[in-house]
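S.K.: Sharing a structure below in structure tokens format, with a few things to ask.
Any read-out appearing in this document is the output of simple, stated calculations on the displayed coordinates, not a laboratory observation. Keep in mind the model is a prediction, meaning the values are calculated, not measured. All Cβ positions, glycine included, derive from the backbone under ideal geometry; neighbour counts span all protein chains shown.
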Amino acid sequence: MAPILEMKNITKQFPGVLANDDVNLSVEKGSIHALMGENGAGKSTLMNILYGLYSPSSGKILLNGKEISIDNPRDAIDQGIGMVHQHFMLIPALSVIENVVLGKKDNKKIIDLKKDADAFVALGAKYNMKIDPYALIEDLAVGQQQRVEILKAIYRGAEILILDEPTAVLTPQEVTELFKIMNQLKDEGKTIIFISHKLKEVLTICDTITVLRLGRSQPSVPSAGTTREELAEMMVGRKVILNVPKGEYKPGENVLEMNNVFTKKGSGSLDDVSLEVKRGEILGIAGVDGNGQDALIDAITGLTKVTSGTVKIKGKDITNASARTILEQKVSHIPADRHKRGMVAPMSIRENMILVSYYKEPFSKHGFINWKFVNENSEKIVEQFKVKTPNIDEAGGKLSGGNQQKMVLGRELTRDPDLVIAAHPVRGLDIGATEYVHECLIDERDKGNAVLLVSTELDEVISLSDKIAVMYEGRIMGVLDKEEFDITKIGMMMAGHV
Ligand SMILES: Nc1ncnc2c1ncn2[C@@H]1O[C@H](COP(=O)(O)OP(=O)(O)OP(=O)(O)O)[C@@H](O)[C@H]1O
Ligand SMILES: [Mg+2]
């Protein structure tokens, strides 16, 4: 069968970075085609070229065997290409349907919102997605926002749908739902290009896999008959330890102690939470997203009000103290939402590296920033965490998704913390970087520091934690010791059964 889409000899040069280097990609109609590769390998760049956001330095694109030119997303949409970005592009203050009709091709002077809304809801129903067309985007959870993005692309007539790391922000249940939708689209003859770092997912849902390495494409392979180990090696160029070993469990005194903590009522608020994390221990929090994990972290880091109960760090009561006071107790915080809380996109990497400590020695002296130290320190972190960038003056927002995450991780893990609060630390990271970050967290534990790990990936929680606390509706359903780690049991507790 002839391919529906071919990208031939695509090269894209950014200042100082060769993001795509003579890339070839050929995609069959009606298939799900995976694009994989390390952080910064050039996946998003290649797809942004296909969607008309970047123009390639050289190379051509063929649709159904005919060369086409795509100069902007308008052209892409006209050619039946839709894209859901790694970082969504919806306007938060507008409603779902307003976002959908923005830039639709047959917009007349007077827009009949009601008509579009009805058609959009009908389309949603076809794919089993229930969406309120008049809800504001900012009020929707990420999973719902993603559905809006997917439906929007289909509504605009996409025959080829690009999904750039759609599962990175989803819970396992939502991933299952997404896969159903993807299979339905495939059955209708639509073509999907799927980017993901998760080997299991790719092998489950995709027909064909293309790996990019250092900007260059490797020959595609069918997923049938390919193993996780082979894929990992194709991406990284070496064998990857898919499970990191750790030292003996020797817990010490409490670093974090929470007693009967409640937070302001609302969805996901804390309801009588008591918890401790000791030196030399990784406490994993398992739970379906939205069951109080965010409030838990916010209550510890001073970002939400504790209405009753106490939070202590190393014996000191820090209930409702300011975020800065709390971080000064040698607390590192890797936030769930790196864009909102972890970094400032237009700021340079070196500025992002001192966001939380710029006012302190050795980063500052007598009220002036010590740039010499800051620069050296930033260079060191960039090297250690393999943040892929031409230099530390690059804006943080220009880094690839995974490299932004590495920048935040590097800053937080090199602050010599006693307590590390890590929310979804490897979200968006490639397998090599995941391995490294897991090693870092275990290293913190082995050095005698305390780690609180929040993750919706049960595999990750089970393999790293010494104890697991399961959260459900703002409460701790129970704390399990290593001998009690059992997927079925944890799953039951996550659903509210003790
Ligand atoms: N607008 C830009 N300006 C300058 N450099 C860029 C820009 N966009 C991407 N790059 C660089 O191009 C390279 C490839 O980035 P890209 O976003 O395509 O990677 P990726 O494979 O999608 O990685 P990830 O898995 O982390 O999302 C990176 O080194 C990145 O820093
Ligand atoms: Mg990317």
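S.K.: On C-alpha positions alone, give me the angle between the axis of helix 431-446 and the longest principal axis of the chain, in degrees, nearest 10.
M.R.: The answer is roughly 0 degrees.
S.K.: Test of the criteria: in the range 223-319, which trypsin sites (Lys or Arg not before Pro) are in a DSSP loop and have at most 10 other Cβ atoms within 10 angstrom of their Cβ?
M.R.: Sites meeting the loop and neighbour criteria: R238, K239, K265.
S.K.: Can you give the extra length, in nm with one decimal, that the chain gains between K126 and N64 once fully stretched, where that is 0.36 nm per residue apart less the Cα-Cα distance?
M.R.: Full extension of this stretch gives 19.6 nm more.
S.K.: I would also like to ask the following. From the residues H438, G367, T227, which one has its Cα farthest along the dipole of the chain in the positive direction, the dipole being from +1 and -1 charges on Cβ of Lys/Arg and Asp/Glu about the Cα centre?
M.R.: Final value for the positive-end residue is G367.
S.K.: Taking neighbour counts of Cβ atoms within 10 Å as a proxy for exposure, in what order, fewest first, do V148, V17 appear?
M.R.: So the residues, fewest neighbours to most, are V17, V148.
S.K.: Ok, one more. Which percent, to the nearest 5, of DSSP beta bridges fully inside the range 3-236 are antiparallel?
M.R.: 55 percent
S.K.: Pull up the DSSP beta bridges for the chain and report the antiparallel fraction as a percent, rounded to 5.
M.R.: Of the beta bridges lying entirely in the chain, close to 55 percent run antiparallel.
S.K.: Is it possible to state the helix-based mean residue ellipticity at 222 nm for the chain, with each DSSP H run of 4+ residues giving -39500 (n - 2.57), the sum divided by total residues, to the nearest 500 deg cm²/dmol? What is it?
M.R.: Mean residue ellipticity, 222 nm, calculated: -9000 deg cm²/dmol.
S.K.: What ³J(HN,Hα) values, in whole Hz, does the Karplus curve 6.51 cos²θ - 1.76 cosθ + 1.60 give for the range 349-360 when θ = phi - 60°, with x put for Gly and Pro?
M.R.: 4, 5, 6, 4, 5, 10, 3, 9, 10, 4, 8, 10
S.K.: Taking a ≥ b ≥ c as the square roots of the eigenvalues of the Cα gyration tensor of the chain, is the shape rounded (a/c under 1.5), prolate (a/b larger than b/c) or oblate?
M.R.: prolate
S.K.: Further question on the same structure: Enter the angle in degrees (range 0 to 90, nearest 10) between the Cα long axis of helix 142-155 and the first principal axis of the Cα atoms of the chain, meaning the one along which they spread out most.
M.R.: Value to nearest ten degrees: 0.
S.K.: Taking neighbour Cβ counts within 10 Å as the exposure measure, how do D116, D187, D75 sort from fewest upward?
M.R.: With the fewest neighbours first, D116, D187, D75 line up as D187, D75, D116.
S.K.: Compute the Cα gyration tensor for the range 288-361, then decide on rounded, prolate or oblate, letting a ≥ b ≥ c be the square roots of its eigenvalues: rounded whenever a/c is under 1.5, prolate when a/b is larger than b/c in the other cases, and oblate in all that remain.
M.R.: Note, shape of the range 288-361 comes out oblate.
S.K.: Of K66/K340; K360/K467; K406/K482; K60/K406; K200/K314; K305/K330, which sit over 31 Å apart, Cα to Cα?
M.R.: K66/K340; K360/K467; K60/K406; K200/K314
S.K.: For the range 253-304, rounded, prolate or oblate, judged on the Cα gyration tensor with a ≥ b ≥ c (square roots of eigenvalues), a/c < 1.5 rounded, else prolate if a/b > b/c?
M.R.: prolate
S.K.: May I pose another question? Hey, can you grab everything whose amide H is under 5 Å from the amide H of V306? Only 5+ residues off in sequence or another chain; H modelled, so Pro and N-termini drop out.
M.R.: Result for V306 returns N320.
S.K.: Fewest first, what order do H33, H366, H497 take by the number of other Cβ atoms within 10 Å?
M.R.: Going from sparsest to densest Cβ surroundings: H366, H497, H33.
S.K.: If eta is 0.692 mPa s and T is 37 °C, what Stokes-Einstein diffusion coefficient results for the range 136-180, Kirkwood Rh from Cα pairs, in µm²/s?
M.R.: Estimated diffusion coefficient is 292 µm²/s.
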